[in-house]
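The values are calculated or read from the model by the stated rules, or taken from the named source; none is laboratory data. The model shown is predicted, which means the values in this text are computed figures rather than measured ones. All Cβ positions, even for glycine, are placed from backbone atoms using ideal geometry, and neighbour counts span all protein chains on display. What goes into the accessible areas is simple: the full protein's heavy atoms, side chains included, and nothing from ligands, DNA or RNA. Shrake-Rupley method; radii C 1.70, N 1.55, O 1.52, S 1.80 Å.
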Amino acid sequence: MAQITVLGAGAWGTAFGQVLADAGNNVTMWAKEPEIVEAINSEHKNPVRLPIVDKLPDNMSATGDREVAVKDADIIVVAIAAQFARVALEEFKSFIPSNAIVVSLMKGIERNTDKRMDEVVTEALNLPMERFAAVSGPNLSKEVALRQPAAAVAASVNRQVAEKVAKAATNSYFKTFVSDDVVGIEMCGSLKNVTALAVGMARGAGYGENTAAMIETRGLKELTELGRALGAKPETFFGLAGAGDLIATCGSPLSRNYTFGANLGKGMSVEEATAASNGVAEGVPTTAAVVALGEQYGVSTPLASAMKNVLENGISCADMLSQLFDDEMVEE
């Protein structure tokens with residue numbers, strides 16, 4: 001049993017906190033919203049972010065105090081919106097125990113720096129990579145919250161850290177595997193969101209299975225090549241964090257990225273889709289970062305480039321798809 005703190009009591013942070021608590025750990029949720037802290041402590045609920053759960057485990061509590069949240073933690077799990085992670089984590093820096101493991105659930109690439117979340121977390125906390133792990137997989141928060149069978153991968157350059165995190169996040173319905181491919185896990189979690197935007201857009205525009213399958217497979221090829229250029233293992237992209245997460249994210253309206261794309265396909269502007277989804281899907285800021293990384297590493301990113309054109313210039317789904325069918329002969 002470990003003392004675990006989850007920073008961020010959104011839907012996924014709370015659902016993963018429940019996974020950890022169901023595995024027998026003592027879990028402290030940190031939330032900036034006083035009403036969420038009060039609800040978790042007094043009612044064992046998070047009616048604001050995860051109303052689907054009637055009662056959270058008794059071994060989950062909450063606090064809004066940063067120092068109290070992390071001071072006794074063996075493992076600190078970060079479930080903050082990727083684009084706000086650096087600023088938010090800097091406020092915890094002086095309170096992190098010297099031997100604590102820090103785990104990222106975040107999926108995205110930081111706007112303006114084009115850095116992965118492992119880079120953001122370790123830089124913001126001045127944390128050695130040996131104490132960092134990334135967790136990713138086909139994990140739609142509502143399904144995990146309902147305790148439906150699911151799995152994920154915990155990746156760290158330190159095998160013992162990966163195993164410790166996997167053990168803490170494994171119970172009767174949730175299995176966590178281990179990997180040493182941090183870059184691959186991070187790239188999978190980030191880049192699949194761009195593909196999910198495109199699939200959602202095609203679905204929203206009325207296209208069927210052939211189009212969706214084409215986008216998904218070309219998207220997987222694109223993110224695998226970019227990941228390989230950054231030093232990731234190609235096989236990672238065909239596992240839970242790659243193909244698994246891609247299938248879940250591209251095939252469910254529970255995915256914010258899919259839903260955001262679907263609204264674009266129905267004719268909404270980016271601003272309208274943002275309002276409809278109560279926020280920007282993580283794939284939106286990630287899209288431009290993927291294109292920039294492709295240019296930096298000499299990797300072609302036609303799907304991300306087409307989606308960037310959608311987001312910045314408002315082109316239609318038909319025009320987006322036509323950009324995937326240029327005159328150049330491309331080998332499969």
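Observations on the structure shown:
- Tally of residues being free of Cβ contacts under 8 Å to residues at least 24 places away in the same chain and acidic (Asp, Glu) across the range 143-188: 1
- Scan the range 12-26 for residues that are more than 21 Å from the chain's Cα centre (by Cα) and not in a loop (DSSP other than H, G, I, E, B) and the total you get is 2.
- Evaluation of Ile109 against (1) farther than 16 Å from Gly239 by Cβ; (2) more than 16 Å from the chain's Cα centre (by Cα) (one fails), failing number: (2)
- The numbered conditions (1) modelled with pLDDT of 95 or more; (2) not in a helix (DSSP H, G or I) are all true for Ala306 except (2).
- Number of residues in the range 68-108 that are closer than 30 Å to Val284 by Cβ, open to solvent by 20 Å² or more (accessible area, probe 1.4 Å) and in a helix (DSSP H, G or I): the value is 7.
- Inter-residue pairs, beta-carbon under 7 Å, first over 18 Å from Cys250 (Cα atoms) and in the range 280-300, second acidic (Asp, Glu) and open to solvent by 30 Å² or more (accessible area, probe 1.4 Å), 6+ apart: Ala289/Asp114; Ala292/Asp114; Leu293/Asp114; Val299/Glu225
- Some residue of the range 249-257 being modelled with pLDDT of 95 or more and either more than 18 Å from the chain's Cα centre (by Cα) or among the charged types (D, E, K, R) (or both): no
- Restricting attention to the range 27-38, the residues being assigned to a helix (DSSP H, G or I) and crowded, with 17+ Cβ neighbours inside 10 Å number 2.
- Condition check for Asn41: assigned by the TED database to the domain that holds Lys164, outside any helix (DSSP H, G or I) and more than 24 Å from Ala134 (Cα to Cα): no
- Residue in the range 22-38 that is of a type in the set (S, T, N, Q), farther than 26 Å from Gly189 by Cα, outside the structural domain of Ala281 (by the TED database) and touching a residue at least 12 places away in the same chain (Cβ under 8 Å) present: yes
- Restricting the range 116-171 to residues that are open to solvent by 60 Å² or more (accessible area, probe 1.4 Å) and either hydroxyl-bearing (Ser, Thr, Tyr) or outside any helix (DSSP H, G or I) (or both), the residue that is farthest from Cys250 (Cα to Cα): Asn126
- Scan the range 172-192 for residues that are under 27 Å from Val290 (Cβ atoms) and assigned to a loop (DSSP other than H, G, I, E, B) and the total you get is 2.
- Residue within the range 47-60 that is open to solvent by less than 10 Å² (accessible area, probe 1.4 Å), touching a residue at least 40 places away in the same chain (Cβ under 8 Å) and over 28 Å from Gln148 (Cβ atoms) present: no
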